[in-house]
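*Asks:* Quick one: structure below, then a few questions.
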Amino acid sequence: MDFIQSAEHQLNPFPHYERMRETAPVHYDEQSGSWHVFRYDDVQRALSEYATFSSRMGGDDASGTGQLFAASLIATDPPRHRQLRSLVTQAFTPKAVDALAPRIAALSDELLEGIAARGSADLIKELAYPLPVIVIAELMGIPAEDRERFKQWSDVIVSQTRTDSTSENHSGTNMEMTEYFLALIDQRRSRPGQDLISTLLAAEIDGQKLTVPELLGFCALLLVAGNETTTNLIGNAVLCLAEYPGVMDRLLRDPALLPQTIEEVLRFRSPVQSMYRVTLAETTLGDELIPAGAPIVAWIGSANRDDRHFQRPAEFDVDRGQNRHLAFGHGIHFCLGAPLARLEARIALAALLSRLPGLSLEQGAHLERMESTIIYGLKELPVRWQPA
Ligand code: HEM
């Protein structure tokens with residue numbers, strides 16, 4: 001699918017999705033051998049019908065990123081998935097996550113304090129990027145001095161989704177990260193703390209501890225899932241508000257509108273545009289008969305713009321009553337971190353609105369999407385405001 005690689009389609013893939021929903025809603029791409037799915041109902045089915053659409057990463061040929069995640073819950077099917085998920089759900093319930101609110105607010109304030117007097121900045125670099133890394137690193141008990149490395153690994157892993165996953169840089173990073181987490185796991189085994197890794201080490205499924213590859217898979221998954229996605233939710237939200245200043249004004253008057261605004265950002269510019277599956281059996285999707293063992297790409301970003309489910313889907317409308325977007329997936333793999341991502345976005349945006357008055361995009365800013373067809377977010381977000 002060469003069109004997806006071209007720069008103009010990167011930032012605005014939505015007209016292309018619309019064409020595909022109308023003309024080829026379930027499309028076989030000969031070049032990659034994958035089936036691409038564009039309509040809401042079909043995407044929802046592919047994401048949730050696990051007996052037919054497996055989450056086994058990369059099918060039987062897991063390599064690079066695939067290997068790292070192979071033993072993690074995002075890449076397993078029931079019954080193992082249920083067992084693995086039950087170990088971490090406690091750490092991510094809305095109640096557990098709400099307890100992090102004061103810390104997230106303090107971090108947001110600290111990050112903005114550093115730039116408030118400047119009057120202009122790249123908001124990705126100064127806020128959207130560091131905030132989720134620090135939060136997830138603290139949850140996992142990663143020492144503060146290792147945060148920068150942590151972020152770099154996360155970037156390389158995300159980039160593996162778009163290039164040759166066996167390149168030297170990537171396998172070097174995978175090795176470095178694996179060694180780091182092995183050492184951390186060893187350390188926590190001898191000196192447990194209050195962090196997530198210590199909790200996972202203590203956890204048992206039917207009397208059995210998690211294996212080391214399973215523990216590593218969790219670490220790698222949280223590292224990526226917890227960072228890039230939330231960074232881009234915050235960045236995409238600021239982009240939407242800059243494009244729709246009327247919404248920004250309303251939020252300034254009534255911050256209670258923030259949660260529904262965030263839901264609309266999730267629908268309108270979904271940080272995760274697509275997810276993979278592989279068919280376990282022959283099945284019909286739309287009008288197409290798909291063989292067993294076929295790779296599937298479910299286009300969440302397209303489902304969220306399907307006019308069969310959303311009125312005027314190309315409009316950013318924070319007053320939509322029901323907003324059943326698929327930005328966090330659907331069914332048993334529904335995003336574990338959704339309460340955390342929503343909370344971080346809410347706190348970060350509230351802080352931005354109150355601390356950076358007159359926030360707007362830098363005039364003439366050239367916005368570029370980060371190089372991934374799966375993740376939707378900006379490389380940089382240059383903004384200005386009235387300095388404090
Ligand atoms: C805006 C931010 C986020 C978005 C858009 C997002 C999106 C998603 C999506 C679409 C899935 C479903 C994958 C599938 O069906 O195969 C998913 C799963 C997952 N997410 Fe998120 N995510 C976000 C933030 C987070 C955060 C902050 C964390 C953790 C701290 C997290 C952890 C996970 C995990 C562990 C899974 C796998 C769940 C399972 O397989 O049972 N996510 N996420």
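*Asks:* Add +1 for every Lys or Arg and -1 for every Asp or Glu among the other residues with Cβ under 12 Å from the Cβ of ALA91, and state the total.
*Replies:* Every neighbour counted, the sum reads +1.
*Asks:* For GLU288 and GLU30, calculate 0.36 nm times their separation in residues minus their Cα-Cα distance, and state this gained length in nm to one decimal.
*Replies:* Result: 91.4 nm gained on full extension.
*Asks:* Need the full-extension length gain, TYR180 to GLU113, defined as separation in residues times 0.36 nm minus the C-alpha distance. One decimal, nm.
*Replies:* 20.9 nm is the gain from fully extending TYR180 to GLU113.
*Asks:* If every alpha-carbon in segment 218-376 counts as one equal scatterer, what log10 I(q)/I(0) does Debye give at q = 0.16 1/Å?
*Replies:* At q = 0.16 Å⁻¹ the computed log10 ratios are -0.98.
*Asks:* Just subtract the alpha-carbon distance of ALA256 and ARG80 from 0.36 nm times their residue separation and send over the number in nm, one decimal.
*Replies:* Full-extension gain reported as 59.4 nm.
*Asks:* Calculate the translational D of segment 83-130 in whole µm² s⁻¹ from Stokes-Einstein, where the hydrodynamic radius comes from the Kirkwood formula applied to all Cα pairs, the temperature is 4 °C and the viscosity 1.567 mPa s.
*Replies:* This corresponds to a translational diffusion coefficient of 100 µm²/s.
*Asks:* May I pose another question? First measure r as the distance between the Cβ atoms of ILE332 and GLU371, then evaluate 1/(1 + (r/R0)^6) with R0 = 25 Å and state the FRET efficiency to the nearest 0.05.
*Replies:* Plugging the Cβ-Cβ distance into 1/(1 + (r/R0)^6) gives 0.25.
*Asks:* How would CYS335, CYS219 rank on accessible area, largest to smallest, probe 1.4 Å?
*Replies:* I get CYS335, CYS219, largest accessible area first.
*Asks:* Expressed in nm², what is the orientationally averaged projection area of the convex hull enclosing the Cα positions of the chain?
*Replies:* Directional mean of the projected Cα hull area for the chain stands at 19.0 nm².
*Asks:* Another question, if that's okay. Kindly report, to the nearest 10 Å², the accessible surface of THR211 as traced by a 1.4 Å probe over protein heavy atoms only.
*Replies:* About 70 Å², ignoring ligands and nucleic acids.
*Asks:* Quick check on segment 211-252: what are the equivalent-ellipsoid semi-axes from the Cα gyration tensor, as sqrt(5λ), descending, whole Å?
*Replies:* The answer is 37, 8, 4 Å, longest axis first.
The values are calculated or read from the model by the stated rules, or taken from the named source; none is laboratory data. Keep in mind it's a predicted model, so treat the numbers as computed, not measured. As a convention, Cβ positions derive from the backbone with ideal geometry for all residues, glycine included, and neighbour counts pool all protein chains shown. Quick note on the areas: whole protein, heavy atoms, side chains included, nothing else; ligands and nucleic acids left out. Shrake-Rupley method; radii C 1.70, N 1.55, O 1.52, S 1.80 Å.
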